[in-house]
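Some notes on the structure that comes next.
The values are calculated or read from the model by the stated rules, or taken from the named source; none is laboratory data. Computed from a predicted structure; not experimentally measured. Backbone-built Cβ (ideal geometry, glycine too); neighbour counts: all protein chains shown.
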């Protein structure tokens, strides 16, 4: 039995690839035009804004749950994080860290190595 949270049958593996803007890909549309076209003219702007906000919050909640599951219950978390650094993974949650958090860790590692070389 696979105990990795990202490999469980009841989770969406895409949850680990939601960015801080709530999108999975740069060109992701939170609110598809097809759905927008079904809304009455006078209510379009309000409806679209409200729906996008709901979708954004839901996506960010899925992202947070994915990170929490990874960080708290994955037996391979450290190996996953190390692999993400080795492969220079540009997207996704790896080892319980978001992309932007891994960039900060990488900057700190670089600065530490730079200070060590100077001394």
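Could you tell me how many of the residues in region 62-75 are in contact with a helix residue (DSSP H, G or I) (Cβ under 9 Å, 6 or more places away or on another chain) and either surrounded by 15 or more Cβ atoms within 10 Å (Cβ to Cβ) or outside any helix (DSSP H, G or I) (or both)?
Summing the residues that are in contact with a helix residue (DSSP H, G or I) (Cβ under 9 Å, 6 or more places away or on another chain) and either surrounded by 15 or more Cβ atoms within 10 Å (Cβ to Cβ) or outside any helix (DSSP H, G or I) (or both) in region 62-75 gives 8.
Any residue that is in contact (Cβ under 8 Å) with a residue 12 or more places away in the chain, in a loop (DSSP other than H, G, I, E, B) and under 15 Å from residue 19 (Cα atoms) - is there at least one of those in region 53-61?
Looking through region 53-61, none of the residues is in contact (Cβ under 8 Å) with a residue 12 or more places away in the chain, in a loop (DSSP other than H, G, I, E, B) and under 15 Å from residue 19 (Cα atoms).
Does residue 101 qualify as being over 12 Å from the mean Cα position of the chain (by Cα) and without any contact (Cβ under 8 Å) to a residue 24 or more places away in the chain?
Values: over 12 Å from the mean Cα position of the chain (by Cα): no; without any contact (Cβ under 8 Å) to a residue 24 or more places away in the chain: yes.
Here the answer is no, as residue 101 does not meet what is asked.
Which of the residues belonging to region 76-118 are assigned to a loop (DSSP other than H, G, I, E, B) and exposed (fewer than 10 other Cβ atoms within 10 Å of the Cβ)?
Quick first cut of region 76-118, residues assigned to a loop (DSSP other than H, G, I, E, B) only: 76, 88-93, 95-96, 98.
Answer for region 76-118, where residues must be assigned to a loop (DSSP other than H, G, I, E, B) and exposed (fewer than 10 other Cβ atoms within 10 Å of the Cβ): 88, 90.
State all residues of region 61-84 that are farther than 19 Å from residue 12 by Cβ and within 16 Å of the chain's Cα centre (by Cα); if no residue qualifies, say none.
77, 81, 84
Can you report the number of residues in region 7-18 which are modelled with pLDDT under 90 and surrounded by 19 or more Cβ atoms within 10 Å (Cβ to Cβ)?
Number of matching residues: 0.
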